[in-house]
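Notes follow once the structure below has been shown.
The values are calculated or read from the model by the stated rules, or taken from the named source; none is laboratory data. Since the model is a prediction, treat every value here as computed from it, not as a measurement. With ideal geometry, Cβ positions are generated from the backbone for all residues, glycine too; neighbour counts draw on all protein chains shown.
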Amino acid sequence: MLGFALKRLVFTLCSIPFILWIMLALTRLSPVDPVQQLIDAHDYSADKQEQAETYSSTAKRLGYNKPPFYLAVTKSNYEAEFYRFTYPLKKQFFSRFLDENYSYEATSNLYNELQILRSQHSNDVLENFDETPTASVLIENLRTEIIARDSIQSFNALTPLIERVIESKNSTYSLLPRFLFFGWDNQFHCKLTSIASLQWGNSITDGKPASNKIFMAFRITLMLLIMALIVGYTLGIYLGIWFHRKPQSIVTKFLEPLFYALRSLPLFVFALVLLVVFTTAELSPMLKIFPAVNAYGWSSTDSFLANFSKNFNQLILPTLCISIYSLSYICRQVKASLERENSALYNTTGKMKGISSWQLFLHRFRNIRSILITMIGSGIVSGFAGAVLIEYIFNIPGIGRLILDSVKSNDLVVLLPAALILFVASSITLLISDLLYRYYDPKIALNEN
């Protein structure tokens with residue numbers, strides 16, 4: 001058992017870098033630029049030169065001035081410096097020329113000269129040269145501009161640079177791959193080391209320490225899940241036993257199809273129905289039992305029990321929502337497991353020996369403990385997954401709501417550690433569930449080879 005536990009822990013730790021890499025890759029596919037979003041949030045506006053400087057300094061502060069990974073495989077005309085560009089327009093300019101098989105050195109000389117000319121002269125071609133759709137179109141526009149401004153010496157200096165760019169075009173660039181190694185100074189390695197050392201930095205949205213926000217939100221989610229598990233599994237096990245022992249009772253005939261019907265509803269629909277019916281006077285003032293959803297009074301300085309007692313009345317409805325929604329599954333599993341055990345031969349042997357039906361039931365119930373352990377473990381994991389939905393609907397500042405807000409604001413400082421904490425918590429929960437499964441049912445052989 002110890003070997004199995006160590007193997008699972010090692011597998012979990014080895015999975016963290018892979019999951020981190022997947023999340024970073026997905027964030028790079030997002031159409032929203034987190035650096036520009038942060039700049040826009042401060043209502044910053046200036047000319048292009050100042051915008052570029054502000055963008056570069058902000059990107060450097062957030063760590064986006066580094067390559068994304070340890071290595072890259074590109075066309076042979078790409079240089080390592082290209083992956084350290086932060087300003088999008090500069091990156092687009094070089095990408096257009098390099099993708100059309102022009103050399104990096106000639107493109108860099110042309111770009112630097114155009115930057116100088118833009119600071120000295122004002123016209124449409126120079127003002128928007130880094131937004132031109134293709135390299136060929138830009139070259140033609142520059143040639144036209146040189147002819148139109150033949151009397152200006154600085155424009156004449158562009159002619160040899162353009163010629164060098166044209167001469168540098170080589171179709172073999174797209175045929176020969178180039179392997180670039182950036183060493184340890186890359187975004188992935190920096191994120192991995194900062195997460196491993198618990199030095200997560202400050203949130204880019206409000207400047208608060210990310211660790212404080214994440215652990216506070218995780219405590220709130222854990223509080224909600226514990227309440228939901230206690231209520232849901234206590235009622236679920238009791239009703240499952242009731243349905244098994246008294247299948248013809250009125251309670252069984254009424255509640256069993258009702259739970260199945262509730263289970264068929266999507267969780268968000270069920271949550272919204274509860275929210276409208278029991279927190280507002282839309283249907284009847286008498287049904288307004290629970291307080292309306294508002295900002296919770298969570299405090300990082302208060303203890304766990306103090307926060308629990310302060311916000312208990314607002315946790316009742318989301319707890320009931322999760323509990324009632326899971327009752328159907330729990331009841332069905334308990335009832336089916338007891339019926340399967342009821343058909344075992346030891347029941348007949350016990351009756352022949354004069355063992356009471358209550359003692360036989362207790363024996364059957366002990367045999368389904370492994371199934372209950374599995375349901376509790378999977379219930380905790382699914383609770384973490386459903387936390388985003390429940391916490392968003394009921395305005396609970398838990399880990400799910402925090403992750404959703406971090407995704408919307410591209411706050412990777414908070415998003416990456418929060419997601420990894422949920423992964424580690426889910427893995428540890430499943431590991432404990434498997435170990436308890438083995439402890440209560442020695443016949444189950446875990447894979448220790």
Quick check on Phe82: is it in a helix (DSSP H, G or I) and at pLDDT 90 or above? no
Suppose we filter Thr280, Thr319 for residues that are among the β-branched types (Val, Ile, Thr), closer than 22 Å to Leu235 by Cβ, in the same structural domain as Ile396 (by TED's automatic domain parsing) and at pLDDT 70 or above; which single one remains? Thr319
The stretch 153-201: number of residues that are touching a strand residue (DSSP E or B) at 6+ places or on another chain (Cβ under 7 Å), aromatic (Phe, Trp, Tyr) and modelled with pLDDT of 85 or more: 3
Tyr104 passes all but one of (1) in contact (Cβ under 8 Å) with a residue 12 or more places away in the chain; (2) of a type in the set (Ser, Thr, Tyr); (3) farther than 22 Å from Phe181 by Cα; which number fails? (3)
For Gly297, only one of the following conditions fails: (1) more than 23 Å from Gly379 (Cα to Cα); (2) part of a helix (DSSP H, G or I); (3) at pLDDT below 80. What is its number? (2)
In the stretch 13-53, anything at pLDDT 85 or above and not aliphatic (A, V, I, L, M) is listed as Cys14, Ser15, Pro17, Phe18, Trp21
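Residue-wise test of (1) in a loop (DSSP other than H, G, I, E, B); (2) buried (at least 18 other Cβ atoms within 10 Å of the Cβ).
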position	(1), (2)
Trp242	no, yes
Pro247	yes, no
Thr252	no, yes
Leu255	no, no
Ala261	no, no
Phe268	no, no
Ala271	no, yes
Leu275	no, yes
Ala281	yes, no
Lone unmet requirement of (1) within 30 Å of Pro291 (Cβ to Cβ); (2) at pLDDT 90 or above; (3) not hydroxyl-bearing (Ser, Thr, Tyr) for Val407: (2)
Among residues of the stretch 214-240 being among the aromatic types (Phe, Trp, Tyr) and within 30 Å of Gln199 (Cα to Cα), the residue surrounded by the most Cβ atoms within 10 Å (Cβ to Cβ) is Phe218
